[in-house]
Structures are given as C-alpha cells and as structure tokens.
Amino acid sequence: MHEVNPAGCQHLLVARSPVGQVAACPACGQIHLSLEYLTLRFEAESFRELVGMLAIAQQRLDADPALTEPTPTPTRTAARH
C-alpha cells in the first residue's frame, strides 16, 4: 500500500496489526509507527534500537509473569477505640 502525504513522503506499509501499523518512507528515510491516534517517526537505526529494547522487555516479562501481576494494596483497618 502506498500513501502519499502533502510533504511528498510515500508511506509504504511494512506491517499491520490490531494495535497499529508500521510504514517506511523511502523519500525521507523515516519509519512511522502508528498506534490509534498517535504516530511516532523514527530514523531507521532508532527504530531498530526501539524494537531491540522491546524484544528484551518482552523476554523478561515472559520469563517473570510476576512483573505484570498487580501488587495487592494493603487494606486499611479502622482504628478501634
């Protein structure tokens, strides 16, 4: 899919999922990460570093499910007189 915006960029769709999409622009060399109402633009190397960081984070989250479990908050007991 090619999408041309007014600045002359050609967004070439690289990947899409229910969460968003990734497009590359050969004209400006940027990677566009779109998540619902938010689009972030990256230089190719910065995008690569972001993907690497996210992969490491996902590996750690998969290895330790406790990291994503909510911590129970202590309940307060009323002072008794």
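No value in this document is a laboratory result; all are computed from the given coordinates. Model, not experiment: these values are computed from the prediction. Backbone-built Cβ (ideal geometry, glycine too); neighbour counts: all protein chains shown.
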_Per-residue HN-Hα couplings for region 36-44 [Karplus 6.51, -1.76, 1.60; θ = phi - 60°; Hz; x = Gly/Pro]_ = 6, 9, 10, 10, 10, 10, 10, 6, 4
_All Cα pairs of region 39-78, percent lying beyond 16 Å_ = 59
*Please check the chain for the longest run free of trypsin sites (Lys or Arg not before Pro) that are loop-located per DSSP (anything but H, G, I, E, B) and have at most 16 other Cβ atoms within 10 Å.*
1-75
*So which GluC sites (Glu not before Pro) in region 6-81 are both in a DSSP loop and have at most 11 other Cβ atoms within 10 Å of their Cβ?*
Glu36
*So for the pair Gln59, Arg76, with labels modelled 7 Å out along Cα→Cβ, what separation do we get in nm?*
4.4
*Nonlocal amide H pairs with Cys28, under 5 Å, H built at 1.01 Å*: Gln10
_Per residue of region 12-27, what does 6.51 cos²θ - 1.76 cosθ + 1.60 with θ = phi - 60° give for ³J(HN,Hα)? Whole Hz please, x for Gly and Pro, Karplus curve as stated._
9, 5, 9, 7, 8, 8, x, 7, x, 8, 10, 10, 10, 10, x, 5
_Nonlocal amide H pairs with Thr39, under 5 Å, H built at 1.01 Å_ = none
_Normalised alpha carbon radius of gyration of the chain [divisor 2.2 N^0.38 Å]_ = 1.77
